[in-house]
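Notes for the one structure printed next.
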Ligand SMILES: O=c1[nH]c(=O)c2nc[nH]c2[nH]1
């Protein structure tokens, strides 16, 4: 069993209207899942450690005692306290990585096969865990954040095209249909060459992970082998992903088209066969059916893909483009003799929960109603919509109708690979819409952040697994370490965790605190006398404000350089 204990502040989205700021917490992650969370004051580390039987890993007794002693000598500074903390850990033989992560390994009941530790993972993956009974290895990793740092849920990119990354930044003077023909299809054709695909895809996954994307919904190309390769790279690198082999059996260049409807369906089956459990929500990397858009698919192909999806339980997810550009909308309606673009997908059984619709810029109100009724989600791609002059998506209306909305970088329609930039463009677009319409509201910080995390998870059907830090969810997280000038933190804004016990008297130190898990997320500390409780509340409010400031600065000015670590399902991937 492996356990990680994260100590420090965190920020997460608890709904599309609410961000929770937790100034200090202890999060236990076991086998990639959040086992428990305690929101507390730093001085309560010992109490929590005792209650959960993890005290020996936290090595609190010495540290806490020293901290209390230090408190009585006001002149000692934060660095000195931190040094004492590290010293006390060194005494107990704990090891510290360069990044400050502490590793503690204890072996229990190890009577046979002592040398087998490193195979634990492999063995458990291959289902041979029984062989290991009697030599369970307990590994506990303690990750204590520095004063300025905080955790944030991993970012979710609900729409991007991995093979188009080499084109990022090109073609901004073209609009969709011409852009596809002149730049995009010629680039995607190159992925029949596996070496080329490998070179690009390795870098795509590396760079997106480094920008904090822990989950990505990728379009690949029409080629089975290179699409499978992308899935393997995601699996190996530990990025949670949906991988779509594109379906295109018409209106595509002669050198980049599938020869027939049946071969398109056949190669879709072949692609899916490479995934051991294609529809299992527990798989880290999953296939997603990808009719590119109505224009490049015949009606027979759309029907065939709907049947493939329904032949799985739960049905395989679907992603496609909808209503991005006015010429595209007109052509799609004409090809299908349909009154609306959305109706095309609906009439082919493709519109439902688990369908991700990218763009949705030019929807009529009746189309929004249909999407809401069917439970499909929308990937909002503002950078791409601006770059290809597609238009402004009316996200406020989508959200107000209860439609799940996530963010899509949509490379290379969008030129920026990071979800943070997309979030900023989403804000700009919504404000520009508000300039033009009196009384129109624009997207709040809470809504924008939710789209990048919890809302994105909902669009992908993963809201019960990821998107925020809730007990039972998988631990996909970013360790934010402010480094850029925009995130410079003045002394007065430093998080105040080192002032352990400030305002406490001896009596309150000795007191046993009882935590209650309050619904509103406030630190549920009871059993302490009035003075201390009042002080604690004050501390919490003050720290929350500082954390909020820190978080918002990161959201609007931060980038890859502010990421000190990225975890997916508890595995450190950056
Ligand atoms: O932004 C887009 N990128 C694409 O690759 C694409 N294909 C169809 N429609 C599309 N829109």
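The values are calculated or read from the model by the stated rules, or taken from the named source; none is laboratory data. Note that the coordinates shown come from a computational prediction; the quantities given were computed from them, not determined experimentally. All Cβ positions, even for glycine, are placed from backbone atoms using ideal geometry, and neighbour counts span all protein chains on display.
Here are a few things to note about the model shown:
- Scanning the stretch 14-36 for residues that are at pLDDT 85 or above and part of a helix (DSSP H, G or I) turns up nothing.
- Subset of the stretch 160-169 (residues that are within 13 Å of the ligand (Cβ to nearest atom) and not in a strand (DSSP E or B)): 162, 163, 164, 165, 167, 168
- Taking the numbered list (1) more than 25 Å from residue 558 (Cα to Cα); (2) within 16 Å of the ligand (Cβ to nearest atom) in turn, residue 340 passes all entries but (2).
- All of 202, 206, 188, 181 fail the test of being touching a helix residue (DSSP H, G or I) at 6+ places or on another chain (Cβ under 8 Å), within 16 Å of the ligand (Cβ to nearest atom) and at pLDDT 95 or above, apart from 188.
- Residue in the stretch 363-375 that is part of a loop (DSSP other than H, G, I, E, B), more than 12 Å from the ligand (Cβ to nearest atom) and either surrounded by 23 or more Cβ atoms within 10 Å (Cβ to Cβ) or touching a residue at least 40 places away in the same chain (Cβ under 8 Å) (or both) present: yes
- Among the residues listed as 180, 230, the single one being free of Cβ contacts under 8 Å to residues at least 12 places away in the same chain and within 24 Å of residue 377 (Cβ to Cβ): 180
- Qualifying residue in the stretch 549-561 (condition: under 30 Å from residue 417 (Cβ atoms), modelled with pLDDT of 90 or more and outside any helix (DSSP H, G or I)): yes
- Among (1) at pLDDT below 95; (2) under 18 Å from residue 150 (Cα atoms); (3) crowded, with 17+ Cβ neighbours inside 10 Å, the one test that residue 88 misses: (2)
- Any chance residue 252 is outside any loop (DSSP other than H, G, I, E, B), more than 15 Å from the chain's Cα centre (by Cα) and in the same structural domain as residue 191 (by the TED database): no
- Candidate set from the stretch 320-356 (those that are free of Cβ contacts under 8 Å to residues at least 60 places away in the same chain, touching a strand residue (DSSP E or B) at 6+ places or on another chain (Cβ under 8 Å) and not in a loop (DSSP other than H, G, I, E, B)); member that is farthest from residue 177 (Cα to Cα): 355
- Residue count, the stretch 396-417 (criterion: in contact with a strand residue (DSSP E or B) (Cβ under 7 Å, 6 or more places away or on another chain) and away from the ligand (no atom under 12 Å from the Cβ)): 8
- For the stretch 267-319, the tally of residues that are closer than 20 Å to residue 465 by Cβ, touching a helix residue (DSSP H, G or I) at 6+ places or on another chain (Cβ under 9 Å) and not in a loop (DSSP other than H, G, I, E, B) stands at 4.
- Evaluation of residue 393 against (1) assigned to a loop (DSSP other than H, G, I, E, B); (2) in contact with a strand residue (DSSP E or B) (Cβ under 8 Å, 6 or more places away or on another chain); (3) more than 16 Å from the ligand (Cβ to nearest atom) (one fails), failing number: (3)
- Any chance residue 255 is at pLDDT 95 or above, crowded, with 16+ Cβ neighbours inside 10 Å, farther than 22 Å from residue 175 by Cβ and more than 16 Å from the ligand (Cβ to nearest atom): no
- Residue list for the stretch 217-240, filter: within 15 Å of the ligand (Cβ to nearest atom) and assigned to a strand (DSSP E or B): 217, 218, 219
- Yes/no for residue 439 being surrounded by fewer than 18 Cβ atoms within 10 Å (Cβ to Cβ) and either in the same structural domain as residue 200 (by the TED database) or outside any loop (DSSP other than H, G, I, E, B) (or both): yes
- Flag for residue 196 being more than 17 Å from residue 292 (Cβ to Cβ), assigned by the TED database to the domain that holds residue 224, surrounded by 19 or more Cβ atoms within 10 Å (Cβ to Cβ) and more than 12 Å from the ligand (Cβ to nearest atom): no
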